[in-house]
Amino acid sequence: MTELAKQRPEFRNINAFTDLPTYRLPAPGWVSILHRVSGVLMFVLLPLIIWIFDTSVSSEISSARLRAAFSTGATGVILKLVALALIWAYLHHFIAGVRHVWMDTSHKAVSKTWGGTSAKVTLVASLLLTVVLGAKLFGLY
């Protein structure tokens, strides 16, 4: 009798190292995850943002010292990369937030095709603006 019994499907746990890299997340999923990541990044680096702002407006000497830190050697490159990460986080969070508000207020914007298209526009716009502002930050123009 056991030979004739229908085999049951076998369920297994997901292995994060082998299964997750092969999973293809759609663009709206990436925007959602990156929206959360950018919010956490801005929140965690908020003390640094406040310190940089305070240093830049305290006095001419502290402002000059901060400008010198941004322009000298490896420290300057690291500070510029942190600033670039903050620029991306702000731009992505803002654009994705506008997308979410638009989807919440407009019933026409809640469709699978519009969600995918707006997610791709969000990703491209935030990356393109980050590249433009990063080029300015690193002195390319």
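No lab work stands behind these numbers, since they all come straight from the coordinates. In this text the structure is predicted, and so the values were computed from the model without any measurement. No Cβ is skipped: glycine too gets one built from the backbone with ideal geometry, and neighbour counts run over all protein chains shown.
For a quick check: sort SER32, SER58, SER126 by the number of other beta carbons within 10 angstrom, fewest at the front. The partial results should precede the final answer.
Values: SER32 15, SER58 12, SER126 23.
Going from sparsest to densest Cβ surroundings: SER58, SER32, SER126.
Roughly how big is the stretch 1-105's charge dipole about its Cα centre, with Cβ charges of +1 (Lys, Arg) and -1 (Asp, Glu), in debye to the nearest 20? Please report the intermediate quantities before stating the final value.
On the way: 9 positive and 6 negative charges, 29 e Å.
Charge dipole of the stretch 1-105: 140 debye, to the nearest 20.
Once every Cα of the chain carries one equal point scatterer and solvent is ignored, give the base-10 log of I(q)/I(0) from the Debye formula at q = 0.16, 0.17 Å⁻¹, two decimals.
Rounded to two decimals, the profile gives -0.98, -1.03.
Lysine pairs in the chain 8 or more apart or on different chains: how many have alpha carbons under 27 angstrom apart?
Values: LYS80/LYS120; LYS80/LYS136; LYS108/LYS120; LYS112/LYS120; LYS120/LYS136.
The result is 5.
Looking only at the stretch 103-141, which residues have a backbone nitrogen under 18 Å from a spot 7 Å from the Cα of VAL77 in the C-beta direction?
134-140
Ranked by Cβ crowding within 10 angstrom, fewest neighbours first, how are ARG65, ARG12 ordered?
Details: ARG65 14, ARG12 6.
Listed from fewest to most nearby Cβ atoms, that is ARG12, ARG65.
Report, in degrees rounded to the nearest 10, the 0 to 90 angle that the Cα long axis of helix 60-71 makes with the longest principal axis of the chain.
That helix lies at roughly 50 degrees to the long axis.
Given 0.36 nm per residue, what is the gain on full extension from VAL40 to ALA135 after removing their alpha carbon distance, in nm? Show your work: numbers first, answer last.
On the way: separation 95, 0.36 × 95 = 34.20 nm, distance 2.46 nm.
Gain on stretching VAL40 to ALA135: 31.7 nm.
So how tilted is helix 112-137 from the main axis of the chain? Cα-based, degrees 0 to 90, rounded to 10.
30
How about the stretch 17-124: which chymotrypsin sites (Phe, Trp or Tyr not before Pro) there lie in a loop by DSSP and see at most 13 other Cβ atoms within 10 Å? Show your work: numbers first, answer last.
Values: sites: PHE17, TYR23, TRP30, PHE43, TRP51, PHE53, PHE70, TRP88, TYR90, PHE94, TRP102, TRP114; in loops: PHE17, TYR23.
Here the sparse-neighbourhood loop sites are PHE17, TYR23.
With the dipole of the stretch 59-122 worked out from charges on the C-beta (+1 for Lys and Arg, -1 for Asp and Glu) around the Cα centre, which of SER63, HIS92, VAL82 lies farthest toward the positive end?
Checked the options; the winner is HIS92.
Fully extended, how many nm does the chain gain between ARG65 and LEU20 (0.36 nm per residue separation, minus their Cα-Cα distance)? Let's see the in-between values first.
Numbers: separation 45, 0.36 × 45 = 16.20 nm, distance 4.56 nm.
Taking 0.36 nm per residue and subtracting the Cα distance, the gain is 11.6 nm.
As a footprinting exposure proxy, order LEU129, LEU48, LEU20 by other Cβ within 10 Å, with the fewest listed first. Write down the numbers at each step before the final one.
Details: LEU129 17, LEU48 13, LEU20 10.
The fewest-first ordering by Cβ neighbours comes to LEU20, LEU48, LEU129.
Against the longest alpha carbon principal axis of the chain, how many degrees, from 0 to 90 and to the nearest 10, is the axis of helix 73-105 turned?
The angle comes out at about 50 degrees.
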